[in-house]
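J.: Shown below is the structure under consideration.
The values are calculated or read from the model by the stated rules, or taken from the named source; none is laboratory data. What you see is a predicted model; the values in this text were computed from it and never measured. Methodologically, a virtual Cβ is constructed for each residue, glycine included, from the backbone with ideal geometry; neighbour enumeration extends over all protein chains shown.
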Amino acid sequence: MNVLVLNAGSSSLKYQLLDMDTEKELARGICERIGIDGRIDHRLPDGRRFKKNVDMPNHAVAMKIIVDTLTDKETGCITDMSEISAVGHRVVHGGEYFSGSVIVNDDVIAKLEKCRDLAPLHTGPALMGIAGCSEVMKGVPQVLVFDTAFHSTMPDYAYMYPIPYEYYEKYSIRRYGFHGTSHRYVSGEMIKILGRKDGTRIITCHLGNGSSITAVKDGKSIDTTMGFTPLDGLEMGTRCGAIDPAIVCFLMEKEGLSPSQMNDILNKKCGLLGVSQVSSDSRDIETAIASGNSKAILADRIMSYQIKKYIGAYAAAMGGLDAVVFTAGLGENNPALRADVCRDMSFLGIELDEFVNSKTLRQPNTVKISRDDSRVLVYVIPTNEELVIARDTKELIEKNK
């Protein structure tokens, strides 16, 4: 079975085709600048790469270009569209409607429409991707896999905010959590390493331009740092993470800001960028740190301190700790950050192998970076969200044949 995995943005459509009999990638790419001028960047596992400017007025046209590229004699990896058995879509927010992956039907689309207010920047593009797929690939089953679904196992005392209960009832305001497919994948890989699910206490650190940490007990998410939106939790590339909410009202009054202007600042002008005044990219921050830039040093220290603090908090919430996993761009490729986080954590049972850690970056393998005498295992596990989506898609389609 070949599964096409799609991740739709407002003007982009990422894709990956996987052979699910072997779980091997057949092709991947992205359509960009949809509705503007359009271009496709297509890659094959043998290293060949094809880039082309092509008019893409909407997501349906982008879908047709993807199918044409996948079936082309020069750029393709399949002979025709019939070799695509199903499509799996990454959807950011499922609200309280979806606690697991689902096959697309009219009822599912109607419920997803109700999630627009919860993630307006993401849900609209996802719906456009689904519609485009339905138009071009008529009759091919589609599955939705939600970032929020993995966190649906959180207890109410973890997901509820201490605000008037009526706002939860009226607007579904609660902690949802995100990066669920990533946390689910790497915690599942860690469970395999531990050799058991029951009794396991794992903290997964998805660290990138957007970052979140999750407490995974017995294979289930019991708490996570992102909340009602992906703005909560850690300092990120341009997001502030958790701050005193009174700061928002204070700044709006002092600076004369509208809600949309304040939202733009919190999401796009804070985090590493806001503190360092250099960049949201950790590589630029590292260069600035090397030159002695005090604001860059501070931005970096804030992040490592917060990660350390959440690890301690989640170990307490789970009554102990078996393993810590680092994943995603920063988690996989920033040894200095991992070392800062794990430093002086012996009291918790974490002993980092400094040498192995320093050499672990830009590689596709799972690597143990804790010492053999460490009571808590520490691993770098490259995430694979597309594979999670493809696996769910395959399972649901086969179950409903």
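J.: What single numbered condition from (1) in a helix (DSSP H, G or I); (2) buried (at least 19 other Cβ atoms within 10 Å of the Cβ); (3) of a type in the set (A, V, I, L, M, F, W, C) fails to hold for Phe355?
T.: (2)
J.: Is at least one residue of segment 193-206 closer than 15 Å to Ile381 by Cα, in a helix (DSSP H, G or I) and either of a type outside the set (Lys, Arg) or under 10 Å from the mean Cα position of the chain (by Cα) (or both)?
T.: yes
J.: For segment 341-352, state whether one or more residues are in contact with a strand residue (DSSP E or B) (Cβ under 9 Å, 6 or more places away or on another chain), crowded, with 19+ Cβ neighbours inside 10 Å and closer than 25 Å to Arg239 by Cα.
T.: Looking for residues that are in contact with a strand residue (DSSP E or B) (Cβ under 9 Å, 6 or more places away or on another chain), crowded, with 19+ Cβ neighbours inside 10 Å and closer than 25 Å to Arg239 by Cα, one finds at least one in segment 341-352, hence yes.
J.: Looking at segment 225-248, can you tell me whether even one residue there is closer than 29 Å to Ser152 by Cβ, aliphatic (A, V, I, L, M) and in a helix (DSSP H, G or I)?
T.: Within segment 225-248, one or more residues are closer than 29 Å to Ser152 by Cβ, aliphatic (A, V, I, L, M) and in a helix (DSSP H, G or I).
J.: Do any helices (runs of 4 or more DSSP H) lying entirely in segment 269-340 carry at least 1 residues that are of a type in the set (Gly, Ala, Ser), surrounded by fewer than 21 Cβ atoms within 10 Å (Cβ to Cβ) and touching a residue at least 60 places away in the same chain (Cβ under 8 Å), and which ones are they?
T.: The qualifying helices (runs of 4 or more DSSP H) are 294-318, 328-333.
J.: With a cut-off of at least 3 residues that are surrounded by fewer than 21 Cβ atoms within 10 Å (Cβ to Cβ) and either hydrophobic (A, V, I, L, M, F, W, C) or in contact with a strand residue (DSSP E or B) (Cβ under 8 Å, 6 or more places away or on another chain) (or both), name the helices (runs of 4 or more DSSP H) lying wholly within segment 76-175.
T.: Those helices (runs of 4 or more DSSP H) span 106-113, 120-136.
J.: Additional query: Within the group Thr181, Thr200, which residue is over 21 Å from Leu396 (Cβ atoms) and in contact (Cβ under 8 Å) with a residue 60 or more places away in the chain?
T.: Residue meeting the stated conditions: Thr200.
J.: Right, here's the next one. So is Leu251 in a helix (DSSP H, G or I), modelled with pLDDT of 95 or more and not hydroxyl-bearing (Ser, Thr, Tyr) or not?
T.: Yes.
J.: May I ask you to list the residues in segment 30-68 that are more than 20 Å from Ala131 (Cα to Cα) and part of a loop (DSSP other than H, G, I, E, B)?
T.: Asp37, Leu44, Pro45, Asp46, Gly47, Arg48, Val54
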